[in-house]
Every structure is written in structure tokens, then in C-alpha cells.
1. Restricting attention to segment 77-110, which residues are assigned to a loop (DSSP other than H, G, I, E, B) and of a type in the set (Gly, Ala, Ser)?
2. Given (1) touching a residue at least 40 places away in the same chain (Cβ under 8 Å); (2) closer than 16 Å to residue 148 by Cβ; (3) surrounded by 16 or more Cβ atoms within 10 Å (Cβ to Cβ), where does residue 108 come up short, assuming only one miss?
3. Which of the residues spanning segment 111-135 are under 17 Å from residue 151 (Cβ atoms) and assigned to a loop (DSSP other than H, G, I, E, B)?
4. Where in segment 2-60 are there strands (runs of 3 or more DSSP E), lying wholly inside it, with at least 3 residues that are under 15 Å from the mean Cα position of the chain (by Cα) and within 19 Å of residue 72 (Cβ to Cβ)?
5. Of all residues in segment 12-24, how many are surrounded by fewer than 18 Cβ atoms within 10 Å (Cβ to Cβ) and in contact (Cβ under 8 Å) with a residue 40 or more places away in the chain?
6. Does any residue of segment 202-215 turn out to be under 19 Å from residue 146 (Cα atoms) and surrounded by 17 or more Cβ atoms within 10 Å (Cβ to Cβ)?
7. Any residue that is more than 24 Å from residue 30 (Cα to Cα), in a loop (DSSP other than H, G, I, E, B) and touching a Lys or Arg at 6+ places or on another chain (Cβ under 6 Å) - is there at least one of those in segment 150-162?
8. Among the residues of segment 192-220, how many are touching a residue at least 40 places away in the same chain (Cβ under 8 Å), part of a loop (DSSP other than H, G, I, E, B) and on the phi < 0 side of the Ramachandran plot?
Amino acid sequence: MTDLLTTDKISLVYTDGERNTYALRDVSIEIPDRKFIGIMGPSGSGKSSLLYILSGLKRPTGGEVRLKDYAYGGRPDRELVDLRRTRFGFVFQQPYLLVWQTAMENVLMGAPELHEEARRKAQTYFDQLGIARLQNKLPSQLSGGEKQRVCVARAMMNDPEIIFADEPTASLDHTNGRLVIDLLSAYRERGTVIVVTHDPEMLTGADTVLMMRDGESQGWVTPDQLAEVGAKSKTISLGER
């Protein structure tokens, strides 16, 4: 089976005078279609930088990233905007909802075209996500968990091949965080979901998890292996107290 998304030794370098800082260094990965993929690592590991390059929000300094056979690492802004608009969906830590628009209007912003079919699709998502009663509310009238569910609906409006989620549960309590992750996880029936998170509990249902450290890939682990690492860390921490 052909991989959906691949990177070939991508790097991301920030230059400050004569000093170069590597956010990513020679990362090569392969991501298949219709999977729930987690990306984890400590702060500064490069996990969010990798997500931004995969999603076309940043260009790699070196190497290449491909969606099937389409290499887009060095494409002009216009093509990257079109790629993100037509083939990708996004859920971020902050909702980035337009404060003067209702929840329904915010979701419809993700539709390729505004017509009655788009409104019916949005209504279906509101029903499925348990927020039908909120469609005419403004963002200021929504809780954090409700805002993120609105963002999930918006991300799915163009039936993207990939949904990218960067720390989507970081500002939520565990219950709402679990709900958002479960909603994203279910999307793998239609496409791929890639989630960056610092919380291993949010990746218990992932197909596989990429570990990052110091801008480099540390390889793939299963959710079970991730849980074992977390349990050992807690045991060591408790023993040191």
C-alpha cells in the first residue's frame, strides 16, 4: 500500500546571526492512510514543528514532504493555501473561532462552497458531536470543550484527507479532552488523523505514536508501549520523593 504522507530527511533551521538552531534534523517518516497517528515528545522536541511542515504551514529548510506523489515543501504560498483549504483540516489548542459569528457560521467557514448541502452537512456534525443546541451561540457563550467540538466540525467540513491537531486538549479538562480525541479518532474511518499531544492518555486509541526528541525522530511505539513508559516514569518520580 502506498503511504499517504512521507518526509525525506526534512530539517527546519532557524538562523540568528551566525548561530543555527535545528527545530528538526533529517526526519524521515511514512504515514499510511486512514490511521490515527500520535506525535509525542518533551517541550522543544520538534513535534509541533513537524506537524507544521506536514500540514504546509511551514516549509522545510531541507528535505522534502509529499502527499502521495505531490511534493509540496517548496511550493509557492498560493499552492500551499489551496492544499490546506482543499485537502487538510485543522484543530489547534486555541479554537481560533471568529468571535462575531455563531458556531454554525464558524463551521460553515470550513466548507469549500456555501450552499444548502454544506449547511445540511454542518447540521449533521452538530448532531453527531452533541452540540446541536449551540449552533446559534457566539463563541463567548461556549465552554472550552464546546468550542473545540465546533472546531472538530469545522475541520471535517471539506472531507479532508488528513486532519492535523496540535495539542487540541491542552486547555481542556480530562473529560472534555477525551471527548475531543474520541471524535478525532473516529475520523480515521474516512481519512488520517495526526495529533500532537503531551498527554499519553490521549493516545490510548492511536494506531501508532512517533516519539520526538531534540528535533529528531526516535522511532514509532504502540500506545501500550507508551503507557509502559509513562508508568515507569511515575514510579521513578514517586520513589524519588
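1. Within segment 77-110, just 110 meets the criteria.
2. (2)
3. Hits for segment 111-135 are 111, 129, 130, 131, 135.
4. none
5. 2
6. Here is the first cut: in segment 202-215, the residues under 19 Å from residue 146 (Cα atoms) are 202.
Applying the additional criterion that residues be surrounded by 17 or more Cβ atoms within 10 Å (Cβ to Cβ) yields 202.
Yes, because at least one residue in segment 202-215 is under 19 Å from residue 146 (Cα atoms) and surrounded by 17 or more Cβ atoms within 10 Å (Cβ to Cβ).
7. There is no residue in segment 150-162 that is more than 24 Å from residue 30 (Cα to Cα), in a loop (DSSP other than H, G, I, E, B) and touching a Lys or Arg at 6+ places or on another chain (Cβ under 6 Å).
8. So the answer is 5.
Computed from the coordinates by the stated procedures, all read-outs in this text should not be read as laboratory data. Computed from a predicted structure; not experimentally measured. Don't worry about glycine lacking a Cβ; one is built from the backbone with ideal geometry, like all the others, and counts go over all protein chains shown.
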